[in-house]
1. Using just the C-alpha positions of segment 1-44 as equal point scatterers, what log10 of I(q)/I(0) does the Debye formula give at each q in 0.16 1/Å?
2. So how far, in whole Å, is the C-alpha centre of segment 222-255 from the one of segment 128-188?
3. Using only the Cα atoms of segment 3-273, build the gyration tensor, take square roots of its eigenvalues as a ≥ b ≥ c, and label the shape rounded, prolate or oblate: rounded if a/c is under 1.5, else prolate if a/b is larger than b/c, else oblate.
4. Only Cα pairs under 8 Å and at least 6 apart count here; give the relative contact order of segment 215-276 as a rounded whole percent.
5. Computed over the Cα atoms, what is the radius of gyration of segment 176-259 divided by 2.2 N^0.38 Å, N being its residue count?
6. Please compute, for the alpha-carbon atoms of segment 52-101, the extent along each of the three principal axes and give them in descending order in Å.
7. Could you give the length gained by full extension between residue 239 and residue 165, i.e. 0.36 nm per residue of separation minus their alpha carbon distance, to one decimal place?
8. How much mean residue ellipticity at 222 nm does the chain get from its helices, if each DSSP H run of length 4 or more adds -39500 (n - 2.57) and you divide by all residues, to the nearest 500 deg cm²/dmol?
């Protein structure tokens with residue numbers, strides 16, 4: 001059942017399932033909390049209270065927000081944790097991976113650990129050799145979809161971002177997602193997020209003190225070298241804080257593509273670091 005949290009500027013939609021230590025799941029831009037439809041039940045079954053949240057302007061959350069930075073989303077996640085009674089582990093995908101970093105650094109008493117799934121936490125530092133066909137195609141589709149507010153282009157990007165194995169309900173999910181994005185204000189929110197810099201998250205990486213797990217698909221088209229990106233994120237945090245789990249064959253959405261493998265990586269981490 002969808003619940004709503006009113007905060008300054010609008011309201012955030014979320015749902016809560018299960019009992020135990022709190023885990024908050026946040027999707028990427030131009031996605032909805034249904035992205036965790038396969039992973040969330042596995043976390044609940046393992047004994048966690050799982051909250052999935054729609055980002056501002058997305059899903060069932062309100063539109064019309066004044067800004068859409070990673071820091072803004074971090075503030076939304078911290079507000080939800082306070083409302084539900086933290087501390088919590090934040091699992092943030094893509095854009096929200098950067099928000100998880102900011103939240104953990106800003107409010108360590110509320111965030112016991114973070115899991116970043118194919119996260120957008122660093123400004124791109126590209127070299128000519130990085131411009132592979134897959135990477136350029138992915139960035140072109142993302143830019144076109146957001147600049148033109150074009151859901152058809154976003155659908156094409158998603159097909160690239162789910163290489164190989166796709167969920168059985170992939171086509172239905174994409175149709176429903178595109179319908180949501182066509183609602184007034186939703187592609188504008190995604191575009192604003194896409195235009196925002198990851199510099200705010202990158203600056204906070206050295207300030208993360210809680211345990212952090214980077215989960216990365218080996219075939220993620222958003223990064224020229226997914227493993228190198230994961231290693232760079234871990235290296236930017238204090239020694240001993242960051243660990244890495246690579247999902248073989250995974251794209252940008254391994255939590256939907258290979259939820260069992262992501263759960264296998266995340267659950268031991270949660271067992272060790274979640275606070276009841």
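Throughout, read-outs are computed from the coordinates displayed, never taken from laboratory work. Quick caveat, the model's predicted, so the values are computed rather than measured. Here the Cβ positions follow ideal geometry from the backbone for every residue, glycine too, while neighbour counts run over all protein chains shown.
1. So the normalised log intensities work out to -0.49.
2. 21 Å
3. rounded
4. It rounds to 37 percent for segment 215-276.
5. 1.30
6. 29, 21, 17
7. 23.1 nm
8. -13000 deg cm²/dmol
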